[in-house]
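Structure record follows, encoded as structure tokens.
The values are calculated or read from the model by the stated rules, or taken from the named source; none is laboratory data. Quick caveat, the model's predicted, so the values are computed rather than measured. Methodologically, a virtual Cβ is constructed for each residue, glycine included, from the backbone with ideal geometry; neighbour enumeration extends over all protein chains shown.
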Amino acid sequence: MKPIRSLLSIILLFTFGCSSENKDFEIENPTTEAIYFPPINSDTWETLSPLELNWNTNALDELSLFLQTSNTKSFIILHKGKIAFEQYFNDHALTDPWYWASAGKTLTSTVTGIAQDQGLLNINNKVSDYLGTNWTSETLEQEQLITCQNLLSMDSGLDDSLGDSVVPENLQYIANASNRWAYHNVYVKLQDVVAAVSNQSWSDYFNENLKNKIGMTGTWITIGDLSVYWSTTRSMARFGLMIYTNGQWDNQQIVSEAFLNQATNTSQSINQAYGYLWWLNGKSSYHLPQTQVEFTGELIPNGPSDMYCALGKNDQKLYIVPSKDLVIVRMGEAADDSNFALSSYDNALWEKLNNVFN
């Protein structure tokens, strides 16, 4: 990941008063150009011309048409924090909210990391340490094997074929924790853990410790058995920018770099392409939701090898590419058929993007 600014940079920033919640902010890094942060509580966001980046503008036009004809509602590319490309399609506007779907799992991962940074929990501890026993239908011995880290890594060993409800009778044993990877809604129990240890509601803790600190909009909405985040596209871009800068916003560390390093690297021995609710490109194999089959090759062959992603149903996308200093957001309807997270659209989209950047 991208290195954090030096102590000298911090001293200079404080000396010259560069940071303010009401001003644009830039991190000066000794080896790179400045990273821009949009101000809090403002629609102001500095832009950068694709021509300044030597992007292929003809390919950018082709990308725009491709996005419009593939049911996209919004698309943003940030380069070092500045907006280099932003478009809205199909009656969607800058201020309209849209659902993150499973891309929002990364919000839960990040806030769990924040709670750990604050000493409220330890992801290596048992879930039952925070929620009490009998939160599943497993035996006590089986249940005590499940840690918060297992929920982050999707290797709880709970049966993923019983639907999205996380009531105890739906959380049944199929394997010991850490022995089976399966895409499962049980991760949402981490929101209960955070609420329990913070003595706040999940939404209040989320707002106070993440959303408000980086100027996001949006809200959590319960849809059936799912907890789904809705926000503007720029709010997803703000979150992606904070992750790209190793958990920083302006001069404030929102979540520790140490946690993010764990979150955006392989988290278990079964699915190489999965971190703590983040999808990882550049690995030699991967698993997909609702299957135990291991697939050989990279998750998104056309995508950069160092890319990690928040992926949601019907092609909600957040791509972070440290090597290219990019944060990319796509929101909309499914490009083709309805899907759970990853789809063939990722590879097709990156074919278009590569034509722009190369």
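Some observations on this one:
- Selected residue (criterion: modelled with the lowest pLDDT) from residues of the stretch 18-32 that are assigned to a loop (DSSP other than H, G, I, E, B) and out of contact with any strand residue (DSSP E or B) (no Cβ under 7 Å at 6 or more places or on another chain): 30
- Hits in the stretch 165-191 (condition: within 19 Å of the chain's Cα centre (by Cα) and either assigned to a helix (DSSP H, G or I) or basic (Lys, Arg) (or both)): 185, 186, 187, 188, 189, 190, 191
- Here residue 311 clears all of (1) in contact with a helix residue (DSSP H, G or I) (Cβ under 9 Å, 6 or more places away or on another chain); (2) modelled with pLDDT of 95 or more; (3) more than 25 Å from residue 238 (Cα to Cα) except the condition numbered (3).
- Matching residues in the stretch 33-73 - criterion: being crowded, with 19+ Cβ neighbours inside 10 Å, touching a strand residue (DSSP E or B) at 6+ places or on another chain (Cβ under 6 Å) and over 19 Å from residue 244 (Cβ atoms): 67, 72, 73
- Where helices (runs of 4 or more DSSP H) fall wholly inside the stretch 89-162, the ranges with 3 or more residues that are within 15 Å of the chain's Cα centre (by Cα) are 105-117.
- Residues of the stretch 119-147 classified as free of Cβ contacts under 8 Å to residues at least 24 places away in the same chain and surrounded by fewer than 20 Cβ atoms within 10 Å (Cβ to Cβ), total: 10
- Top-ranked residue in the stretch 336-358 [being aliphatic (A, V, I, L, M) and surrounded by fewer than 22 Cβ atoms within 10 Å (Cβ to Cβ); ranked as modelled with the lowest pLDDT]: 342
- Residue match in the stretch 311-333 (condition: crowded, with 18+ Cβ neighbours inside 10 Å and of a type in the set (Ser, Thr, Tyr)): yes
- Filter result for the condition that a residue is of a type in the set (Ser, Thr, Tyr), in contact with an Asp or Glu (Cβ under 7 Å, 6 or more places away or on another chain) and modelled with pLDDT of 95 or more, over 156, 178: 178
- Hits in the stretch 148-164 - residues which are touching a residue at least 60 places away in the same chain (Cβ under 8 Å) and surrounded by fewer than 23 Cβ atoms within 10 Å (Cβ to Cβ): 149, 160, 163, 164
- Residues (among the acidic types (Asp, Glu) and farther than 26 Å from residue 73 by Cβ) located in the stretch 90-141: 117, 129, 138, 141
- Residue list for the stretch 247-272, restricted to those being within 14 Å of residue 210 (Cα to Cα) and either at pLDDT below 95 or in a loop (DSSP other than H, G, I, E, B) (or both): 247, 250, 254, 255, 256
- Between 271, 302, the distinction of being of a type in the set (S, T, N, Q) and more than 16 Å from residue 109 (Cβ to Cβ) belongs to 302 only.
- Members of the stretch 300-358 that are more than 22 Å from residue 99 (Cα to Cα), in contact with an Asp or Glu (Cβ under 8 Å, 6 or more places away or on another chain) and in a loop (DSSP other than H, G, I, E, B): 300, 302, 303, 305
- Sub-9 Å Cβ pairs linking a first residue in the stretch 81-93 that is farther than 22 Å from residue 53 by Cα to a second residue that is charged (D, E, K, R) and not in a loop (DSSP other than H, G, I, E, B), at least 6 apart or interchain, are 89/73; 90/73; 91/73; 92/73, ordered by first then second residue.
- Residues being farther than 22 Å from residue 249 by Cα and touching a residue at least 12 places away in the same chain (Cβ under 8 Å) - total across the stretch 195-219: 3
- Any hit, the stretch 279-296, residues being surrounded by 22 or more Cβ atoms within 10 Å (Cβ to Cβ), at pLDDT 95 or above, part of a loop (DSSP other than H, G, I, E, B) and not polar (S, T, N, Q): no
- Residue list for the stretch 196-243, restricted to those being of a type in the set (Ser, Thr, Tyr), modelled with pLDDT of 95 or more and out of contact with any helix residue (DSSP H, G or I) (no Cβ under 7 Å at 6 or more places or on another chain): 203, 219, 231, 232, 233, 235
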